[in-house]
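Values in this text are rule-based calculations from the coordinates and carry no lab data. Not measured: the values here are computed from a predicted model. Note that we place each Cβ from the backbone using ideal geometry, even for glycine, and neighbour counts take in every protein chain shown.
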Amino acid sequence: MLTVAVYIALGSLTLALTLCLIRLMRGPDPADRVLAFDTLYINTIALLIVLDIYLSTSIFFEAAVLIALTGFVATASLARFLARGKVME
């Protein structure tokens, strides 16, 4: 029963990643692209956690934590750049 749930989760996350990539490429303005990037890295984290559960390892969890840290910093920097025009003052 767990494998069926994992396959459904993997399919759903793959669809979500595909839709986020489309929005990232076709976004009408930069704010939409930043939001798509934010959603993309969150979906990637979820995909890695599901793979970690399926394969019963812990290496994907560590990779998910690293992606979460770098993704947060990148999203905050991009949002600040869009709001003010520069990242550092």
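Before moving on, here are some points about what is shown:
- Rounded to whole Hz, the Karplus (6.51, -1.76, 1.60) HN-Hα couplings of region 39-45, x for glycine and proline: 5, 5, 6, 5, 5, 5, 4
- Restricting the calculation to Cα atoms, the chain shows an Rg/Rh of 1.08 when the hydrodynamic-style radius is the Kirkwood one.
- Sorting 25-35, 47-57 by their mean Cβ neighbour count within 10 Å, with the most densely packed peptide first, gives 47-57, 25-35.
- Here the Karplus curve 6.51 cos²θ - 1.76 cosθ + 1.60, taken at θ = phi - 60°, turns the phi angles of region 20-26 into couplings of 5, 5, 5, 5, 5, 7, 9 Hz, with x standing for Gly and Pro.
- Farthest towards the positive end of the charge dipole of the chain, among the residues L51, G85, L40, is the Cα of G85, using unit charges on the Cβ of Lys, Arg, Asp and Glu.
- Basic side chains Lys and Arg get +1 at the Cβ, acidic Asp and Glu get -1 at the Cβ, and with that the dipole of the chain about its Cα centre reaches some 300 debye.
- Each residue of region 46-62 was assigned a 3J(HN,Hα) from its phi angle through the Karplus curve 6.51 cos²θ - 1.76 cosθ + 1.60 (θ = phi - 60°); the sequence is 4, 4, 5, 5, 5, 5, 5, 5, 5, 8, 6, 10, 10, 6, 6, 5, 5 Hz, with glycine and proline shown as x.
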